[in-house]
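The values are calculated or read from the model by the stated rules, or taken from the named source; none is laboratory data. Since we're looking at a predicted model, the values are computed, not measured. Because the Cβ atoms are built from the backbone with ideal geometry, glycine has one as well, and the counts that use them run over all protein chains shown. Each accessible area value is taken on the protein alone, full model and side chains, heavy atoms only, with ligands, DNA and RNA left out. Shrake-Rupley method; radii C 1.70, N 1.55, O 1.52, S 1.80 Å.
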Number of protein chains: 2
Amino acid sequence: MKIISENVSFDGVQGVYSQTSKITGTDMTFAVYVPPQAAHAPCPVVWYLSGLTCSHANVMEKGEYRRAASELGLIVVCPDTSPRGDDVADEVGNWQMGKGAGFYLDATEAPWAQHYQMYSYITQELPMVIAANFRADMGRQGIFGHSMGGHGALTIALKNPERYKSCSAFAPIVNPMEADWSVPAFEKYLGNDRAAWRPYDACALIEDGAHFPEFLIDQGVADSFLHKGLMPWKLEEAVKGTGIGLVLNMRERYDHSYYFISTFMADHLKWHAERLA
Amino acid sequence: MKIISENVSFDGVQGVYSQTSKITGTDMTFAVYVPPQAAHAPCPVVWYLSGLTCSHANVMEKGEYRRAASELGLIVVCPDTSPRGDDVADEVGNWQMGKGAGFYLDATEAPWAQHYQMYSYITQELPMVIAANFRADMGRQGIFGHSMGGHGALTIALKNPERYKSCSAFAPIVNPMEADWSVPAFEKYLGNDRAAWRPYDACALIEDGAHFPEFLIDQGVADSFLHKGLMPWKLEEAVKGTGIGLVLNMRERYDHSYYFISTFMADHLKWHAERLA
């Protein structure tokens, strides 16, 4: 692991690091905030997965998570959203496919399968890097994210409920198999057999029997992607009768931006801290 | 005044606006956060002046001031640091002069004097724009800033103590007449007569009899500019015996970045709110 930068903030350390990933076959950059409590004991880890077009840096700069993470004693890990590099397949000019749009899945179709293995990278390789290099209590992990990253958090939690004890999302894509900005990407990454898409769709996973104790979701009512891409009511429908809890806060006047995310960031970290205590 | 963007955040509105300035002769962009309390009554105004290379956007994205401003009911105004535009004089490649480096002074030397009139813009024209367009109580104003903007806040407060009821700074340039990054700029903006520099130097202003009730300053001990450019002990020396109060917090491990600023942002806004109540 290579240190790119480390800055003291809210009495902890905000770092940016990189590591050569065997799974993606590329160098991967990620941000880790370590709270002051880690000087005394291992701290719980909360994973934040970002949305389309983002790198590790957007939420690190605009998400305003450090005050709450410092108070609550949480390590916050912010991975990139795709492999990067000149030899990584991409669709230049299409922000919904390729670099910045990994959708937290393991691609099976050429040319994407060579590097786009974000599901395995996030769930297998990066946790080992975190465990090896930080004072992290890997027995206490939570996961959350925004938009495409909310999709990532929900699906990863549903497939690994034994590992993640808490899950929340800001404006998640709950049903990417039906949303107009993800269907073309799923076709290219996973092929035309829609059965292969279901492990990467929160609503389909729940329909197929996956379980998780409860989700917290905040969604802006003034979000321009609400009706075509996000549609949280589909998740509300999916969890009915399953015993999966869902706290869905519809926030009047809020949009899809970091101005929205940062407003409710402390609420989400508190949700995680309570479940990781 | 033209609206560039408005986003709801922490129950208030973060806006970006522009206006054609008669004083600088250019279009000027600025950010204004209006807290929810402004729906019921005019709110105090706190001015945040940014440092070298910054525009209005840096602190808006990374400064993390909205949570505290929303709680405390403060309007926060973040101006740009210089005039902008293709016809504005500049030294390309020199980040300490020209665009992004207006030093909050009224230049007297050619070619700078034509547009670089940031002191008058900040103290005369922009306040009228704010008063006309926002629910602002202009009888209750405070001012703060970072680095070059800390210099701006201190000197503007010292010259206008009747208007600004509170002043604070993060890592300010307290004595730009002696700091290596500002002497060449002052020569170009103001000429070789150092008497003309004194109204733009906090230590010199105090030496010449300017007064202000008290300043709050936070300074990182790990700030790489501390010993050559910032030197807060010079201000400590200058205020001795003047009755000017100075709370100077030297913060171990903190550097010059927004990771430092955001950490102490809420403390500073509280300082202002108490004095603007």
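Quick check on my filter: what residues within region A:146-179 are farther than 15 Å from residue A:59 by Cβ and aliphatic (A, V, I, L, M)? Residues satisfying the conditions are A:154, A:156, A:157, A:158, A:173, A:174, A:177, A:179.
Restricting attention to region A:1-40, which residues are hydroxyl-bearing (Ser, Thr, Tyr) and either under 23 Å from residue B:256 (Cβ atoms) or touching a residue at least 24 places away in the same chain (Cβ under 8 Å) (or both)?
Residues of region A:1-40 that are hydroxyl-bearing (Ser, Thr, Tyr), as a first pass: A:5, A:9, A:17-18, A:20-21, A:24, A:26, A:29, A:33.
Scanning region A:1-40 gives A:5, A:9, A:17, A:21, A:24, A:26, A:29, A:33.
None of B:59, B:8 is within 13 Å of another protein chain (Cβ to nearest Cβ), over 24 Å from residue B:140 (Cβ atoms) and of a type in the set (Val, Ile, Thr) except B:8.
The residue of region A:12-23 that is nearest to the other protein chains (Cβ to nearest Cβ), among those that are within 20 Å of residue A:59 (Cβ to Cβ) and in contact with a Ser or Thr (Cβ under 9 Å, 6 or more places away or on another chain), is A:14.
When residue B:129 is tested against (1) part of a helix (DSSP H, G or I); (2) open to solvent by 50 Å² or more (accessible area, probe 1.4 Å); (3) touching a residue at least 40 places away in the same chain (Cβ under 8 Å), only condition (2) is not met.
For region B:231-242, the count of residues that are modelled with pLDDT under 95 and among the aliphatic types (A, V, I, L, M) is zero. Within region A:218-277, the set of residues being within 14 Å of chain B (Cβ to nearest Cβ), among the aromatic types (Phe, Trp, Tyr) and assigned to a loop (DSSP other than H, G, I, E, B) comprises just one member, A:254. Every condition in (1) open to solvent by 50 Å² or more (accessible area, probe 1.4 Å); (2) over 18 Å from residue B:246 (Cβ atoms) is met by residue B:116 except one, and the failing one is (1).
Residues in region A:93-112 that are farther than 18 Å from residue A:79 by Cβ and free of Cβ contacts under 8 Å to residues at least 60 places away in the same chain: A:93, A:94, A:95, A:110, A:111. In region B:177-195, the condition of being touching a helix residue (DSSP H, G or I) at 6+ places or on another chain (Cβ under 9 Å), surrounded by fewer than 22 Cβ atoms within 10 Å (Cβ to Cβ), within 14 Å of chain A (Cβ to nearest Cβ) and not in a helix (DSSP H, G or I) is met by no residue. Has region A:163-175 got any residue that is within 14 Å of the chain's Cα centre (by Cα), open to solvent by 10 Å² or more (accessible area, probe 1.4 Å) and modelled with pLDDT of 95 or more? Within region A:163-175, not a single residue is within 14 Å of the chain's Cα centre (by Cα), open to solvent by 10 Å² or more (accessible area, probe 1.4 Å) and modelled with pLDDT of 95 or more. Within region B:226-277, the set of residues being touching a residue at least 40 places away in the same chain (Cβ under 8 Å) and among the basic types (Lys, Arg) comprises B:228, B:234, B:270, B:275.
Could you tell me whether residue A:198 is out of contact with any strand residue (DSSP E or B) (no Cβ under 7 Å at 6 or more places or on another chain), part of a helix (DSSP H, G or I) and in contact (Cβ under 8 Å) with a residue 12 or more places away in the chain? Criteria met by residue A:198. Kindly indicate whether any position in region B:207-216 is in contact with a helix residue (DSSP H, G or I) (Cβ under 9 Å, 6 or more places away or on another chain), open to solvent by 10 Å² or more (accessible area, probe 1.4 Å), more than 14 Å from chain A (Cβ to nearest Cβ) and aromatic (Phe, Trp, Tyr). Within region B:207-216, none of the residues are in contact with a helix residue (DSSP H, G or I) (Cβ under 9 Å, 6 or more places away or on another chain), open to solvent by 10 Å² or more (accessible area, probe 1.4 Å), more than 14 Å from chain A (Cβ to nearest Cβ) and aromatic (Phe, Trp, Tyr). Of the residues making up region A:28-50, those that are away from chain B (no Cβ under 14 Å) and in contact with a Pro (Cβ under 9 Å, 6 or more places away or on another chain) number 9. Annotation: residue B:94 fulfils all but one of (1) closer than 25 Å to residue B:230 by Cβ; (2) in contact with a Phe, Trp or Tyr (Cβ under 7 Å, 6 or more places away or on another chain); the unmet one is (2).
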